[in-house]
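Input: one structure, supplied below.
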Amino acid sequence: MKSKVCVIGLGYVGLPLAVELSKSYEVFGCDANKSKVQSINDGKDPTGELSENQKQYLPNICFSDSLTNLPDSEFYIVCVPTPVADDKRPSLDYVESASLAISKKLKRGNIVVYESTVYPGATEEVCVPLLEKESGLVLNEDFGVGYSPERINPSDKNNTLRTIKKIVSASDSVTLDRVAALYESVVDAGLYRASSIKVAEAAKALENTQRDVNIALINEMAILFERLEIDTTSVIQAAESKWNFLPFKPGLVGGHCIGVDPYYLIHKANVHNFGLSVVEAAREVNEGIISFISNKVIELCLSKNVDLRNARCLFYGAAFKEDCNDVRNSKALELADKINRLGIDVDIFDPLIDQEDFKSEASSKLNYLVEIEALYDIIILAVPHARFKDMDSKDIKVNLKEESVFIDLKSVYGREDSDYRL
Ligand SMILES: NC(=O)c1ccc[n+]([C@@H]2O[C@H](COP(=O)([O-])OP(=O)(O)OC[C@H]3O[C@@H](n4cnc5c(N)ncnc54)[C@H](O)[C@@H]3O)[C@@H](O)[C@H]2O)c1
């Protein structure tokens, strides 16, 4: 008989995991979002991450939106969101409610694995007490806990659950062996056994914080080079000729990983009376890019006699990153909103984004376009999906008025093709 595994949270992390596990285990998938479960049950993939082959496994999984009575399972794997609140403090509400739901079903011999990104210590300090309290069971006597951070990169078809080495960790060595055996069935690239849950939690937070800091450095340089009238892309290309230069690109840092996880580390450091000055400065620089670009729009419009009060602006792309349909915490949308607040009409053209998702995330003053028909004073190539990159710059600029501004935020085209590229 196959072991039973219950995956809780069926988003970008949980759904592909449930599918891969279903090739070797009896899998249950639970999600608090009724309409998401309905659509997965209809064979649809709300994340756009599953291949056609993977979608064929969906009927083998038993999906449910009932969290009050989770199925009896040997393993419970938690893949729920870990966002930050408005004050940028970690919000562990989803992880806590998933832990409470599991605690009601937890039995001797079960293992609970957390995949959600958290600060070091959260699994043992926040989740384990919740699991123990309701179940009356004791960690490492009655049940085990694991932590295995996910490293997928939405829209990346090469680096996937199967092909990325995965960190596993657990509350004791017996649990670690069982957790490793579970993940060995879905990860071809191999596992890294971290020495403790805290090490695994810290490693994940560090990976994403390192990216944030590196991008912040390049963003800061991009602002400097603009003042010095030097093209940043050309500088990066020149610097790349050195063997150990890391070619990070400037840009907007959105989504729910790189722009969020550093706040988890900042919080934990603050609890321990330590300020992460480099990490905090990086967050400030990356958040500040939105104001930098909107100021650039004003400056360019003034210099080209574009009447800001009657201007129309078109965004090409608004997902949080290229070739992805996820619009949550999209900095392109934040930029669009900031430009709209200047009194400029803003249309968004992004065929990858579902119109309903757009409505729930974007300001109601931004317009979702199905087709581009008008002429614009400003066009911003904000998120260059592959289909936009395939276009010649002329095909984008065909919708510009005579006196107008074209910004190529991710430097897709040559320096002379746009009025500004970051
Ligand atoms: N998306 C990524 O690229 C990525 C990569 C690595 C790690 N992570 C981390 O993995 C975690 C999940 O990320 P995601 O992108 O898959 O999130 P997601 O928002 O796409 O999916 C999470 C799902 O959990 C559901 N949910 C929320 N609370 C629940 C509950 N109590 N019980 C059951 N379901 C619940 C939501 O409805 C949602 O469908 C986060 O901690 C994230 O930081 C994400």
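The values are calculated or read from the model by the stated rules, or taken from the named source; none is laboratory data. Just so it is clear, the structure is predicted and the values come from calculations on it, not from any experiment. Every residue, glycine as well, gets a Cβ built from its backbone with ideal geometry; the counts of neighbours run over all protein chains shown. SASA here: full protein model, heavy atoms, side chains in, ligands and nucleic acids out. Shrake-Rupley method; radii C 1.70, N 1.55, O 1.52, S 1.80 Å.
Per residue of the chain, what 222 nm ellipticity follows from adding -39500 (n - 2.57) for every DSSP H run with n ≥ 4, rounded to the nearest 500?
When only DSSP H runs of four or more count, the value is -11000 deg cm²/dmol.
Further, regarding this structure: Compute the FRET efficiency between E125 and S24 as 1/(1 + (r/R0)^6), taking r as their Cβ-Cβ distance and R0 = 35 Å, and round to the nearest 0.05.
That gives a FRET efficiency of 0.60.
Please identify the trypsin sites (Lys or Arg not before Pro) of segment 320-395 that satisfy two criteria: DSSP loop assignment and at most 12 other Cβ atoms within 10 Å. Which are they? The partial results should precede the final answer.
Working: sites: K321, R328, K331, K338, R341, K359, K365, R387, K389, K394; in loops: K321, R328, R341, K365.
Those satisfying the criteria are R341, K365.
Can you give the charge dipole size of the chain about its Cα centre, rounded to the nearest 20 debye, using +1 on the beta carbon of Lys and Arg and -1 on the beta carbon of Asp and Glu?
640 debye
Now, a different point. Taking the Cα-to-Cβ direction at K104 and at F292 and moving 7 Å from each Cα, how far apart do the two end points lie in nm?
4.8 nm
Further, regarding this structure: Test of the criteria: in segment 177-276, which GluC sites (Glu not before Pro) are in a DSSP loop and have at most 10 other Cβ atoms within 10 angstrom of their Cβ?
E229
Relative contact order for the chain using alpha-carbon pairs under 8 Å, separation at least 6, rounded to a whole percent?
Averaging sequence separation for qualifying contacts and normalising by length gives 10 percent for the chain.
Rounded to the nearest whole Å², what accessible area per residue is found for segment 216-421 with the 1.4 Å probe?
Spelled out: the 1.4 Å probe surface of segment 216-421, per residue, equals 49 Å².
How would you classify segment 200-256 from its alpha-carbon gyration tensor, with a ≥ b ≥ c the square roots of the eigenvalues: rounded for a/c under 1.5, else prolate if a/b is greater than b/c, otherwise oblate? Walk me through the intermediate numbers first.
On the way: a/c = 3.30, a/b = 1.71, b/c = 1.93.
Since a/c reaches 1.5 but b/c is at least a/b, the shape of segment 200-256 is classed as oblate.
Specify whether the C-alpha gyration tensor of segment 4-195 places it in the rounded, prolate or oblate class, a ≥ b ≥ c being the square roots of the eigenvalues: rounded for a/c under 1.5, otherwise prolate if a/b is larger than b/c and oblate if not.
rounded
What do you get for Rg/Rh of segment 1-55 when both radii come from the Cα atoms and Rh is the Kirkwood radius?
That ratio equals 0.94.
Based on a Kirkwood Rh over C-alpha pairs, give the Stokes-Einstein translational diffusion coefficient of segment 216-421 at 10 °C and viscosity 1.306 mPa s in µm²/s.
Here the translational diffusion coefficient equals 88 µm²/s.
Take every DSSP beta bridge whose two residues both sit in segment 4-195, then give the antiparallel share in percent to the nearest 5. All intermediate terms of the calculation are to be shown ahead of the outcome.
Working: 3 of 27 bridges.
Around 10 percent antiparallel, to the nearest 5.
How many nm separate the modelled label positions at N153 and V235, each set 7 Å beyond the Cα in the direction of the Cβ?
2.4 nm
Also, I was wondering about something else. May I ask you to compute the full-extension gain from E134 to L302, defined as 0.36 nm times their residue separation minus their alpha-carbon distance, rounded to one decimal in nm? All intermediate terms of the calculation are to be shown ahead of the outcome.
On the way: separation 168, 0.36 × 168 = 60.48 nm, distance 6.30 nm.
Length gained, E134 through L302: 54.2 nm.
Additional query: Extending each Cα 7 Å along its Cβ direction at K359 and D72, get the distance between those two points in nm, one decimal.
Inter-label distance under the simple model: 4.4 nm.
Mean projection of the alpha-carbon convex hull of the chain over all orientations, in nm²?
Its Cα hull, projected and averaged over all orientations, spans 21.7 nm².
Round to the nearest 10 and give me the degree value, 0 to 90, for the angle of helix 93-103's Cα axis relative to the longest principal axis of the chain.
Around 20 degrees separate the two axes.
With a 1.4 Å probe and all protein chains left in place, how much of the accessible area of segment 293-422 comes from carbon and sulfur atoms, in whole percent?
Within segment 293-422, the accessible surface is 42 percent carbon and sulfur.
When DSSP beta bridges are limited to those with both residues in the chain, what percentage is antiparallel, rounded to the nearest 5?
Of all bridge pairs located within the chain, approximately 5 percent are antiparallel.
Using only the Cα atoms of segment 44-157, build the gyration tensor, take square roots of its eigenvalues as a ≥ b ≥ c, and label the shape rounded, prolate or oblate: rounded if a/c is under 1.5, else prolate if a/b is larger than b/c, else oblate.
Judged from the Cα gyration tensor, segment 44-157 comes out oblate (a/c at least 1.5, b/c at or above a/b).
Given a Förster distance of 45 angstrom, what is the FRET efficiency for V271 paired with S51, based on the Cβ-Cβ distance and rounded to 0.05?
Efficiency, rounded to the nearest 0.05: 0.60.
Taking loop as defined by DSSP and a crowding limit of 10 other beta carbons within 10 Å, which GluC sites (Glu not before Pro) in segment 283-376 fit?
E371, E373
Out of S196, L206, I218, whose Cα points farthest toward the positive end of the dipole of segment 183-222 (charges: +1 Lys, Arg; -1 Asp, Glu; placed on Cβ)?
Value: S196.
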